[in-house]
Amino acid sequence: MRADLLTDAVDGLDEALAAVDGFDDVLVGGLLRPQPAQAVGLAGLAAAVAGSPLAARVTEAAEKAAAGAAGEEHFVALAAARTALLGSVHDALLLRVQEAVGRSGEAEQGAAAAGTPEHAANLHAAARNWLCDLARAGWQGIDHELVAGSASVVSAMLPDPALRRLATLLDGFAAELAASCPGATLERVPVRRWADLWSRAVLLTLPGAAWAPAVTEATGRLLPLGIDVQEHATAVQAQVHAVFEPADGEGARLVRASVSAPKPDTVVGAGLWQLLRPHMSLLAAVGEGRAVEIDAMPMTAEGDLLWDDARARTGEPAEVFTTARVALPTASAYAVAPLDRHPARIAVPVLLEGYAVEEEEEGGTAFRIAGQRFTVDADRIPAASPLTPEVVASSGACVALLRWDAGEFLFQPLAVERTVRKKSVAVHAGAWAGGTTDKAGVRAEKAATDAVKVLGERAGRLLRK
């Protein structure tokens, strides 16, 4: 790996992010009665896309917004400009990653845009109207009445699968805003996050934006690299990163397979695996260190497998570090869909060897690779896992996801190799995904089983009443 490329400055990156930050600050105060400082932020966004096809529309939108006279079409233009800027940041960073790791992403055919049903036009317009009202009020101006305006729109959208993507986004966004009302009393505003959610939602209200991914069928061998777990109070998702070797002999590709489940906020730790396990047999294969043979498995143009247990069977043993050393270097990535081009989405599997482990001032861990220092994102390691920050600190090799956050590249460990009694031992973040005989894992499973059982009994009593 060319570690120096990951620490060198990227031309235009700071300027693009500064323009995004300037506009995000505009949304904090709202555009009902714009102030001079907000006009500067709007002008900065327009200047950042000057020379692009968006230039004329964004310039007009910035001027209207600065005068307090922005309409829906102007807010759409501003959201598009912000999304385009973050997309360019994503592309520049991903190109730098590809140069550093010596792999390439291959352009695939774009996703097929789905036509917007006529009955959805009114719902899209209602959602867009609510989002525009949010932008006028600003995050400091939100109140429960304003936030509640999304409820009827979400309720009308949810029954329609074609509208569920936008409905889910609006529902989650509104829940976050409601938990923060009134905005005038907020001590800290999640400026970038709320602006991300707002701009994405605005664009998803446009005809054809909620495209249906082009789906093909994948047949071949899947070699797991690790599991990334994302947990929220009411939901959990496990995403398996893997190398896919097509049966037709084409080059290996990097793919993902995800499973999600709703959860009570009291189910944590090993209980998460119990919620996810019944829905995807791939988790057991990862825990056992085995390959998976897939036959005509649906897969999107972005490399996401739409998992179906009936189309998969567990194969021979496949050690993660062998896969990382032999198959990963030549595996290429799929293209990213336009609306998904965001720096936060970057998660590239890499193999790290020959690094030195250093402690950071705040108690974290860092890897020094070829003289360059990189933060280890230990907070993303699942709690229900034998992989701990202490284990990472004692490792000599690591399979990780290369991410970008807060202006720097960092590594999220998926598995590490370390020496125990003169033997090389691999420790995986997803080792307990399919169950475990590890003493600590068994205790965690039992505690989680008891918690889930109690919740099930209580839910049964409520239903009987």
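The values are calculated or read from the model by the stated rules, or taken from the named source; none is laboratory data. Quantities reported herein were computed from a predicted structural model and do not represent experimental measurements. Reconstructed Cβ throughout: ideal geometry from the backbone, glycine too, with neighbour counts over all protein chains shown.
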**Item:** Pick from region 332-359, criterion closer than 20 Å to A3 by Cβ and part of a loop (DSSP other than H, G, I, E, B), ranking: modelled with the lowest pLDDT
**Value:** G354
**Asked** Looking at region 228-239, is at least one residue of a type in the set (S, T, Y), part of a loop (DSSP other than H, G, I, E, B), more than 25 Å from L31 (Cα to Cα) and modelled with pLDDT under 95?
**Response** yes
**Asked** Out of curiosity, is E362 assigned to a strand (DSSP E or B), acidic (D, E) and not assigned by TED's automatic domain parsing to the domain that holds V229?
**Response** no
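Listed here are the residues, each with its yes/no results for (1) touching a strand residue (DSSP E or B) at 6+ places or on another chain (Cβ under 6 Å); (2) within 30 Å of F374 (Cβ to Cβ); (3) without any contact (Cβ under 8 Å) to a residue 24 or more places away in the chain; (4) of a type in the set (K, R).
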residue	(1), (2), (3), (4)
R33	no, no, no, yes
G44	no, no, no, no
V58	no, no, yes, no
E72	no, no, no, no
F75	no, no, no, no
A81	no, no, no, no
**Item:** Those residues of region 200-256 which are within 30 Å of A179 (Cα to Cα), touching a residue at least 12 places away in the same chain (Cβ under 8 Å) and of a type in the set (S, T, N, Q), in sequence order
**Value:** T205, T234, Q237, Q239
**Asked** What helices (runs of 4 or more DSSP H) completely inside region 115-189 contain at least 2 residues that are surrounded by fewer than 17 Cβ atoms within 10 Å (Cβ to Cβ) and charged (D, E, K, R)?
**Response** 164-179
**Message:** For region 26-38, give me the residue count where each residue is surrounded by fewer than 17 Cβ atoms within 10 Å (Cβ to Cβ) and not in a loop (DSSP other than H, G, I, E, B).
**Reply:** 2
**Request:** Give region 374-390 a look and list any residue that's over 19 Å from V442 (Cα atoms) and of a type outside the set (S, T, N, Q), or say none.
**Result:** F374, V376, D377, A378, D379, R380, P389, E390
**Request:** Evaluate region 374-390: report whether one residue or more is basic (K, R) and under 22 Å from the mean Cα position of the chain (by Cα).
**Result:** yes
**Fill in**
The residue from V350, V255, V292, V336 that alone is more than 25 Å from V215 (Cβ to Cβ), of a type in the set (V, I, T) and buried (at least 19 other Cβ atoms within 10 Å of the Cβ) is V350
